[in-house]
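The values are calculated or read from the model by the stated rules, or taken from the named source; none is laboratory data. Predicted model only: the values in this text are computed from it and were never measured. Cβ: placed from backbone, ideal geometry, glycine included. Neighbour counts: every protein chain shown.
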Amino acid sequence: MHDHGHPTIGQMANRLGLPAEMESAAPDSDFIPAGLASLGIEADEVDLAVMAAVHGLLWSPLLDLLALDTEDVTPERFPNLSRAPE
Amino acid sequence: MGLRAQAAAIAAGEVDAAELLDATLERIEQRNPALNAVVETFPERSREMLAAAPEGPLRGVPIVIKDEWPLPWRAQRFGAAQLLAPTAPGESGPYRALRDAGAVIVGVGNMHELGAGSTGNVSVYGAARNPWNTERCPGGSSSGPASSVAGRLVAGAVGADGLGSVRFPAAYCGLTGLKPTFGRSAMEGHHMAPVTTLIVSGPLCADAADCRLLGSVLFGEELAAGDAAGLRIGIVRNQVSEDVTPEVGKACEEAIEALSAEAGGTVKEISLPDLEAATLAAILIINSESMGGTRPEQLNQLDPELSPIARGTLKYRMLLPAAATVQATRVRTLTRRRLAALFAEVDVIAWPTIPAPAPPLEAPLVELPSGTQTADQANVRGAALANLTGIPSISMPVGLSGEGLPIALQLQAAWGRDELLLDAAEALERANARRWVEALPPLAAAEPTEA
């Protein structure tokens, strides 16, 4: 699978100093504080608790959505939502 | 007296519009303390509107409008202590439509904070209450418009629907509520300007004919009455139709049978795959669009009076992956194409508007066969399809639970077939002898002051 001279994910992760195996489920303990910090958004304990709850509800379905095979879906260009798709 | 009855009585000179306005204001004063449905009245402004009212289909008829659009004398607050986008008084599309039809805006309706809830139990004004039981949620986010009509403060109200926000409160309060085809109803000046693809204004009234009248005003065109003869009804065996309380399931099944019989129609089981993905797609799109123009530093200056849920949710929205939103748009396309194919086979898709009747204000949870869920979580799965794809949808009352709370059926039709939904709702009213649209909540039935 990696016969074009491209590094594997693990090799790339090592070069970047990242763990070779990264959690794909993005646990809120890392994802939320890191995301907020990267945007410069402050949050107190209550904010974080609410965000963790939202994350817990949303993230797994979101990963399912991303896993949905939509490769064959030709996007609508300039969709008119008041009409049936062309 | 219903909306069209008020309009007809004024037009015929049988009712004096100024007296009707005074009686409406008096009724708001009497009943609103128990409901918190109307957050502001402005009698002088209302009288000015009446004095300047042109001859129109709603001349002199008092209407409540949701706190989601500006008025020339009042900026919207969106049910919140703070808004991320600036607000100012002004003429919105719904305001102009009502004014040009001769209607009199008599008050602003309460709403769920930032439009972000199906229950109406969170608002800067305090929760609106359900006239059927004031300890229960009125539904959201158009909580005040629904509560004000169900409590018979007014006969018609304008709400907005981005993820079910007309249909949920209509369902909880025993009203008829129309979510129009995307783009057909007046929306200019809506607070959520960055949300360009999901939200519509819509009427909340006691029955379908009143919704047709108020809807025609919001659409700027007559929603002509037809009949629903030969209606082809599609039903889907999925979580939305089956993970509901037994009372809801039974009432909706009976209503579908009654509608089919009345219309001389058919009922056909259809398949609508990936509905959960479509629901999430709508959630992702509206949450992403709503943050358009928001700078991260604005989120460090949130008003402490915003609810903790709003504060945390606003911040979380900034973390939604762009790839997921792009995937959501592909799911939207996929779903629109599937629906277009389905609407060649059926005229309407029917399923319960809400899986359970209005939950308690203090704990908006619902007990379903799958377990206990938040009402928001359970409600959205039956509503988001119409917003994601742009199709019209209507909610109508079809029964009362053992606790005396309304149960509702939702019909969805192809783009532009709003009129058919109203025709079908009227057919169902005939089928059940208008039993549910004429049912009055205890709070409204207690006082014989029907103006």
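Report whether or not B:V122 is closer than 21 Å to B:C173 by Cβ, under 20 Å from the mean Cα position of the chain (by Cα) and either free of Cβ contacts under 8 Å to residues at least 60 places away in the same chain or not in a loop (DSSP other than H, G, I, E, B) (or both). Here the answer is no, as B:V122 does not meet what is asked.
Among B:A323, B:A282, which is out of contact with any Leu (no Cβ under 6 Å at 6 or more places or on another chain) and either within 30 Å of A:R83 (Cα to Cα) or in a strand (DSSP E or B) (or both)? So that I can check it myself, show each step before the final result.
Numbers: B:A282 fails: out of contact with any Leu (no Cβ under 6 Å at 6 or more places or on another chain).
The unique qualifying residue is B:A323.
Scanning the range B:147-162 for residues that are β-branched (V, I, T) and either in a helix (DSSP H, G or I) or surrounded by fewer than 24 Cβ atoms within 10 Å (Cβ to Cβ) (or both) gives a single hit, B:V149.
Look at the range A:37-86 and say how many of its residues are assigned to a helix (DSSP H, G or I), free of Cβ contacts under 8 Å to residues at least 24 places away in the same chain and crowded, with 17+ Cβ neighbours inside 10 Å.
Result for the range A:37-86: 8.
Assess whether B:G93 counts as being in contact with a strand residue (DSSP E or B) (Cβ under 9 Å, 6 or more places away or on another chain) and closer than 21 Å to B:R317 by Cα. The answer is no for B:G93.
Within the range B:295-319, if we keep just the residues that are hydrophobic (A, V, I, L, M, F, W, C) and more than 8 Å from chain A (Cβ to nearest Cβ), the residue that is nearest to B:T389 (Cα to Cα) turns out to be B:L314. So which residues in the range B:375-388 are under 18 Å from B:T181 (Cβ atoms), out of contact with any Pro (no Cβ under 9 Å at 6 or more places or on another chain) and within 13 Å of chain A (Cβ to nearest Cβ)? Within the range B:375-388, B:A384, B:L385, B:N387, B:L388 qualify.
Here the range B:192-206 is the region considered, the condition is being under 20 Å from B:A384 (Cβ atoms) and over 14 Å from the mean Cα position of the chain (by Cα), and the residue that is nearest to the other protein chains (Cβ to nearest Cβ) is B:T197.
Suppose we filter B:L218, B:L213, B:L178, B:L204 for residues that are under 17 Å from B:V64 (Cβ atoms), touching a Lys or Arg at 6+ places or on another chain (Cβ under 6 Å), outside any loop (DSSP other than H, G, I, E, B) and modelled with pLDDT of 95 or more; which single one remains?
B:L213
When B:E262, B:E269 are screened for being more than 23 Å from the chain's Cα centre (by Cα), closer than 23 Å to B:A383 by Cα and either crowded, with 17+ Cβ neighbours inside 10 Å or touching a residue at least 24 places away in the same chain (Cβ under 8 Å) (or both), only B:E269 passes.
Taking the criterion of being out of contact with any strand residue (DSSP E or B) (no Cβ under 7 Å at 6 or more places or on another chain) and among the hydrophobic types (A, V, I, L, M, F, W, C), the residues of the range B:65-90 that qualify are B:W69, B:W73, B:A75, B:F78, B:A80, B:A81, B:L83, B:L84, B:A85, B:A88. Note on the range B:1-19: residues that are buried (at least 18 other Cβ atoms within 10 Å of the Cβ) and either assigned to a loop (DSSP other than H, G, I, E, B) or touching a His at 6+ places or on another chain (Cβ under 6 Å) (or both) total 2.
Is it the case that B:E345 is in contact with a Pro (Cβ under 7 Å, 6 or more places away or on another chain), touching a residue at least 60 places away in the same chain (Cβ under 8 Å) and either away from chain A (no Cβ under 14 Å) or charged (D, E, K, R) (or both)? Taking the combined requirement at face value, the residue does not satisfy it. Could you check the range B:347-379 and list, in sequence order, the residues that are within 21 Å of B:A251 (Cβ to Cβ), surrounded by 19 or more Cβ atoms within 10 Å (Cβ to Cβ) and among the aliphatic types (A, V, I, L, M)? Hits for the range B:347-379 are B:V348, B:I349, B:A350, B:I354, B:A356, B:A358, B:V366, B:A375, B:A378. In the range B:285-314, the residues that are assigned to a loop (DSSP other than H, G, I, E, B) form Cβ pairs under 8 Å with partners that are among the charged types (D, E, K, R), at six or more places apart or across chains, as follows: B:M291/B:R317; B:L302/B:R311; B:L306/B:E113; B:S307/B:E113. Only a single criterion out of (1) within 22 Å of B:C211 (Cα to Cα); (2) surrounded by fewer than 17 Cβ atoms within 10 Å (Cβ to Cβ); (3) acidic (D, E) is not satisfied by B:E91, namely (1).
Is at least one residue of the range B:227-242 more than 17 Å from B:R167 (Cβ to Cβ), outside any strand (DSSP E or B) and within 20 Å of the chain's Cα centre (by Cα)? No, the conditions are met nowhere in the range B:227-242. Is there a residue in the range B:238-250 that is touching a residue at least 24 places away in the same chain (Cβ under 8 Å), over 25 Å from B:S92 (Cβ atoms) and within 9 Å of chain A (Cβ to nearest Cβ)? Looking for residues that are touching a residue at least 24 places away in the same chain (Cβ under 8 Å), over 25 Å from B:S92 (Cβ atoms) and within 9 Å of chain A (Cβ to nearest Cβ), one finds none in the range B:238-250, hence no.
Scanning the range B:163-175 for residues that are in a helix (DSSP H, G or I) and in contact with a Lys or Arg (Cβ under 8 Å, 6 or more places away or on another chain) yields B:R167, B:Y172.
Of all the numbered requirements in (1) in a helix (DSSP H, G or I); (2) more than 9 Å from every other protein chain (Cβ to nearest Cβ); (3) at pLDDT below 95, B:R338 misses one, and that requirement is (3). Within the range B:320-335, the residues that satisfy the criterion of being polar (S, T, N, Q) and more than 8 Å from chain A (Cβ to nearest Cβ) are B:T325, B:T335. The number of residues in the range B:53-80 that are surrounded by fewer than 16 Cβ atoms within 10 Å (Cβ to Cβ) and either without any contact (Cβ under 8 Å) to a residue 12 or more places away in the chain or more than 25 Å from B:A8 (Cα to Cα) (or both) comes to 2. The residues in the range B:107-131 that are aliphatic (A, V, I, L, M), touching a Lys or Arg at 6+ places or on another chain (Cβ under 8 Å) and under 27 Å from B:G404 (Cα atoms) can be counted, and the count is 1.
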